[in-house]
Amino acid sequence: WEGVRFLTHLTLFLDSLQGSSTPMVCDGITDQKNAILFQYVQYLESRPDLWHMITLYVGLLPESIVLDYFPTVLARVLDDSERQIMTGQIRDLMPAMELPVLRKVVRRSLSAPSSEAAKGDEIDAIKCNSLQWLLQKDEHLEDALICANSLLREFFLDEQEDKTGVAMAFLSNYLPQGFLELV
């Protein structure tokens, strides 16, 4: 992985030369940079102790890759302090991508199927917790409301199991104080 890290930084440097005051064009370097950078990002993803660096490198990838890939990584972040750090990094490093990425994180979590009973409770908790991504900033509260509404409908309309208790727990444990009054 040291070689991939070196190649990542080398291709980032070579790619940056194309935008310098004296442009130096290297055919195909952007595609190579993106391929190598994506490999490095996947390595960082495999190492939770390196997640603090992943946003920096993901932000250098094309927008389409960021929107397809990054939400799957963020959905695995369950710790509130880690979530706040990563949200701050997204805000600083990819401000235009913040809301689209966070929306996709929550919506992917909400669309996860609840299958087995044991896993169903775990998936319900992940779904409830995923809303925290949109509760970090007041500007995202409208999206949080839409997702909370969707999740509550899912709980109340579940024909296989009565999830009224889960819905009530969601309202009291996962939504901020005064959220319902704000609505």
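Scanning the stretch 47-64 turns up no residue that is under 30 Å from LEU102 (Cα atoms), in contact with a Ser or Thr (Cβ under 7 Å, 6 or more places away or on another chain) and surrounded by 12 or more Cβ atoms within 10 Å (Cβ to Cβ). Criterion first (open to solvent by less than 60 Å² (accessible area, probe 1.4 Å) and outside any loop (DSSP other than H, G, I, E, B)) does VAL41 satisfy it? Yes; evaluated as a whole, the condition is true for this residue.
What do you reckon, is LEU61 assigned to a loop (DSSP other than H, G, I, E, B) and touching a residue at least 24 places away in the same chain (Cβ under 8 Å)? Reasoning before the result, please.
Working: assigned to a loop (DSSP other than H, G, I, E, B): yes; touching a residue at least 24 places away in the same chain (Cβ under 8 Å): yes.
Here the answer is yes, as LEU61 does meet what is asked.
This table checks each residue for (1) among the charged types (D, E, K, R); (2) modelled with pLDDT under 85; (3) out of contact with any Ser or Thr (no Cβ under 7 Å at 6 or more places or on another chain).
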site: VAL77; (1), (2), (3): no, no, yes
site: ARG107; (1), (2), (3): yes, no, yes
site: ALA117; (1), (2), (3): no, yes, yes
site: CYS128; (1), (2), (3): no, no, yes
site: LEU135; (1), (2), (3): no, no, yes
site: ASP143; (1), (2), (3): yes, no, yes
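Checked against (1) in contact (Cβ under 8 Å) with a residue 24 or more places away in the chain; (2) under 30 Å from GLU122 (Cβ atoms), ARG76 passes all but condition (1).
One residue alone among LEU102, LEU131, LEU141 is part of a helix (DSSP H, G or I) and more than 14 Å from the chain's Cα centre (by Cα), and that residue is LEU141. Cβ-Cβ distances below 9 Å connect the following pairs, each with a first residue in the stretch 2-18 that is farther than 15 Å from GLY59 by Cβ and part of a helix (DSSP H, G or I), a second residue that is at pLDDT 85 or above and open to solvent by 70 Å² or more (accessible area, probe 1.4 Å), and a separation of six or more residues or different chains: VAL4/GLN39; LEU7/GLN32; LEU7/GLN39; THR11/GLN32; LEU14/GLN32.
Please go through the stretch 65-76 and pick out each residue that is β-branched (Val, Ile, Thr), crowded, with 18+ Cβ neighbours inside 10 Å and closer than 11 Å to GLU45 by Cα. First the steps, then the outcome.
Kept after step one, since they are β-branched (Val, Ile, Thr), are these residues of the stretch 65-76: 65-66, 72-73.
Retained after the next criterion (residues that are crowded, with 18+ Cβ neighbours inside 10 Å): 66, 73.
Answer for the stretch 65-76, where residues must be β-branched (Val, Ile, Thr), crowded, with 18+ Cβ neighbours inside 10 Å and closer than 11 Å to GLU45 by Cα: just VAL73.
Scanning the stretch 71-89 for residues that are part of a helix (DSSP H, G or I) and either more than 9 Å from the chain's Cα centre (by Cα) or under 10 Å from TRP133 (Cβ atoms) (or both) turns up PRO71, LEU74, ASP80, SER81, GLU82, ARG83, GLN84, ILE85, MET86, THR87, GLY88, GLN89.
The values are calculated or read from the model by the stated rules, or taken from the named source; none is laboratory data. If you're wondering where the values come from, they're calculated on a predicted model, not measured in any experiment. Glycine gets a Cβ as well: all are built from the backbone with ideal geometry, and neighbour counts include every protein chain shown. Each accessible area value is taken on the protein alone, full model and side chains, heavy atoms only, with ligands, DNA and RNA left out. Shrake-Rupley method; radii C 1.70, N 1.55, O 1.52, S 1.80 Å.
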